[in-house]
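The values are calculated or read from the model by the stated rules, or taken from the named source; none is laboratory data. This is a predicted model, so every value here is computed, not measured. Heads up, the Cβs are rebuilt from the backbone with ideal geometry, glycines too, and the neighbour counts pull from every protein chain shown. Just so you know, the surface numbers come from the protein's heavy atoms only, side chains and all, with ligands and any DNA or RNA stripped out. Shrake-Rupley method; radii C 1.70, N 1.55, O 1.52, S 1.80 Å.
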Amino acid sequence: MGVRGLKRKRSRKRWIIGIAVGLVVLVVGGAGAVYLKLNANISTFDSSGLSKNRPQAAKADANGNKPVNVLLIGSDTRSGENGKLGGSASGAIGRSDTTILLHVYPDHKHAVGISIPRDSLVDIPPCLLPDGKWSADQPSAMFNSAFSMGNTAKGNPACTQNTIEKLTGLRVDHTMVVDFAGFAAMTSAVDGVEVCVPNNLYQGDMNPNLGYKGKLVLPAGMQKLAGQKALDYVRVRHGVGDNSDVGRMMRQQAFLSALIAKIKGQGMNPTTLLPLADAATKSLTVDPGLGSAAKLISFGMSLKNVDLKNIQFVTAPWKYAGSRIDLVHPDVDDLFAELRADRTLDGINASGKVEPKPTPAPVVDGTGVAVNVFNGTTTDGLGAKAADKIKADHFTVNGTSTARSQDHATTRIEYGSAHQADAQNLAKLFPGAQLVPLNVTGINLVVGQDYAKSATATPKALPKSLTQQARTAASNPCSKLSYG
């Protein structure tokens with residue numbers, strides 16, 4: 001039984017995506033028969049289902065560098081060959097129990113993969129259905145239900161992308177979907193991947209409904225796994241650690257790290273990489289922006305300088321909510337703010353730009369001064385951030401609310417005649433703010449878009465509980481394989 005009510009009647013077959021193959025492998029297929037073979041393999045999904053209200057695309061710097069966000073989705077449909085590997089072929093509806101948002105930083109020397117727990121309760125925005133209609137907003141819906149919207153065998157990757165963009169505030173540049181058969185074929189194409197099995201795993205662990213222990217399937221220790229065995233490893237949930245789905249995600253991150261290391265270690269030459277590239281592209285369904293071998297090759301080329309130690313994996317901050325999972329705020333918000341600011345999990349500037357030396361923070365003491373805080377923008381939570389900021393300097397916050405107008409480009413500090421000195425003191429915390437004398441009692445702080453930009457540019461340091469659980473592609477293969 002899974003921990004705290006996370007038991008499933010049927011273990012949802014969840015596996016990590018070998019999509020890193022596509023990220024580092026396709027750099028070799030540049031011409032002739034190789035190119036044509038790979039090009040013929042690739043399938044794309046219809047992008048008409050993408051939201052019309054998306055985060056802005058990142059702008060390239062003077063050297064043409066910009067961040068790239070890639071959504072990696074594992075489909076556990078049982079249709080076709082997948083039924084032989086994943087169990088019953090009766091469940092032909094495409095489901096996704098593995099989702100990773102890969103953020104490649106503008107310096108193209110760092111990357112981080114954020115795993116989103118499948119049972120997370122999130123807001124699913126309107127999604128396009130097979131009948132041409134759009135679904136209604138779904139607040140507090142289970143995250144992996146987005147991929148199943150429409151109940152088709154191929155799933156609904158556009159809906160998952162819409163959900164990720166709403167959750168993170170990051171624009172997804174590319175989306176890739178891989179299935180059971182593709183994963184198994186890719187692990188075989190590299191002649192197996194060296195992984196660490198934390199303890200003996202039996203048939204009863206693979207299938208909790210079996211009712212008995214059964215034969216040994218995977219012995220404990222380091223071993224090379226390929227095909228069905230590799231799939232068993234990344235799908236197994238019971239019999240390891242705390243038996244939770246989130247614990248299983250840690251083993252999937254470890255497997256993906258080992259797969260990337262294996263690919264790099266084999267060397268980038270056509271003889272070794274052609275079978276892998278062939279397997280990868282046969283099992284890919286991608287957005288039109290990656291819908292050719294040339295586009296995949298170009299993207300793969302952009303990642304060639306990412307070192308193993310600079311590829312990190314982490315799970316979005318979470319906590320149990322009965323049989324489901326809540327994402328932890330503000331930790332998860334700070335995580336995505338860190339990505340939007342192009343800083344790594346440990347605070348390294350990976351924007352490719354040289355940061356100016358920070359100016360010393362002004363010394364301000366707001367003891368005894370009360371302030372009303374208003375959000376003068378459409379950025380959710382900005383008023384609360386400003387309130388926290390001034391509380392740290394001992395100002396008293398009477399309350400936070402939305403301003404009558406939400407189109408303030410510049411922060412305003414409104415004050416009555418008796419509070420001019422206090423208003424000027426407060427303005428030291430908001431460079432460029434307008435000081436506006438009014439016939440009011442006290443002080444009103446109306447934060448504008450200028451503060452929204454500065455708050456995003458300087459995200460909070462991430463909690464150690466998050467950064468310490470991160471792993472890199474160069475980590476010890478036997479470390480951080482489960483909770484409990």
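Checking the table 309/385; 215/262; 385/428 against a 24 Å threshold on Cα-Cα, which pairs fail?
Values: 309/385 33 Å; 215/262 29 Å; 385/428 16 Å.
Over 24 Å apart, Cα to Cα: 309/385; 215/262.
Taking loop as defined by DSSP and a crowding limit of 14 other beta carbons within 10 Å, which trypsin sites (Lys or Arg not before Pro) in segment 209-241 fit?
Numbers: sites: 213, 215, 224, 229, 235, 237; in loops: 213, 215, 237.
Taking segment 209-241 and a limit of 14 other Cβ atoms within 10 Å, the loop trypsin sites (Lys or Arg not before Pro) found are 213, 215.
Extending 7 Å from the Cα toward the beta-carbon at both residue 384 and residue 123 defines two label points whose distance is 1.2 nm. Note on segment 107-182 and segment 278-337: Cα centroid distance 12 Å, given to the nearest whole angstrom. Ordering 236, 223, 255 by the projection of their Cα atoms onto the charge dipole of segment 219-261, which places +1 on the Cβ of Lys and Arg and -1 on the Cβ of Asp and Glu, puts 223 at the extreme positive end. Among the trypsin sites (Lys or Arg not before Pro) in segment 348-437, those located in a DSSP loop and surrounded by at most 10 other Cβ atoms within 10 Å of their own Cβ are 404. Between residue 364 and residue 417, full extension at 0.36 nm per residue minus the direct alpha carbon distance yields a gain of 17.0 nm.
Per-residue SASA remark: residue 250, around 10 Å² accessible (1.4 Å probe; ligands, DNA and RNA not included).
Under the combined filter of DSSP loop state and at most 15 neighbouring Cβ atoms within 10 Å, segment 174-237 retains these chymotrypsin sites (Phe, Trp or Tyr not before Pro): 212.
What is the antiparallel percent of DSSP beta bridges lying wholly in segment 379-484, to the nearest 5?
Details: 4 of 8 bridges.
Close to 50 percent.
Among 315, 330, 302, whose Cα projects farthest towards the positive end of the dipole of segment 300-351, with charges put on the beta-carbon of Lys, Arg (+1) and Asp, Glu (-1)? Of the listed residues, the answer is 302.
Please work out whether segment 275-427 counts as rounded, prolate or oblate from its C-alpha gyration tensor, where a ≥ b ≥ c are the square roots of the eigenvalues and a/c under 1.5 means rounded, while otherwise a/b larger than b/c means prolate and anything else oblate? If you can, show how the numbers build up before the last one.
Working: a/c = 2.63, a/b = 2.23, b/c = 1.18.
Because a/c hits 1.5 or more and a/b exceeds b/c, segment 275-427 counts as prolate.
Take residue 479: with every protein chain present and a 1.4 Å probe, its accessible area is about 40 Å².
Treat every Asp and Glu Cβ in segment 360-484 as -1 and every Lys and Arg Cβ as +1, leave all other atoms uncharged, and give the resulting dipole magnitude about the Cα centre to the nearest 20 debye. Walk me through the numbers on the way to the answer.
Numbers: 11 positive and 8 negative charges, 116 e Å.
Rounded to the nearest 20 debye, it is 560 debye.
Overall, the anisotropy analysis places segment 156-285 in the oblate class: the square-rooted eigenvalues a ≥ b ≥ c of its C-alpha gyration tensor yield a/c not less than 1.5, with a/b not exceeding b/c.
Which shape class applies to segment 322-381: rounded if a/c is under 1.5, otherwise prolate when a/b exceeds b/c and oblate if not, where a ≥ b ≥ c are the square roots of the Cα gyration tensor eigenvalues? Walk me through the intermediate numbers first.
Values: a/c = 2.14, a/b = 1.08, b/c = 1.98.
Oblate, since a/c reaches 1.5 and b/c is not below a/b.
Per-residue extension of 0.36 nm, minus the Cα-Cα distance of residue 438 and residue 203, leaves a gain of 77.1 nm for this segment.
Computed over protein heavy atoms with a 1.4 Å probe, the accessible surface of segment 170-273 works out to 34 Å² per residue.
The HN-Hα couplings worked out from phi for segment 67-76 by the Karplus form 6.51 cos²θ - 1.76 cosθ + 1.60 (θ = phi - 60°) are x, 10, 10, 10, 8, 9, 10, x, 9, 10 Hz, whole numbers, x standing for Gly and Pro.
Counting protein heavy atoms only, segment 343-430 has 50 percent of its accessible area on carbon and sulfur, 1.4 angstrom probe.
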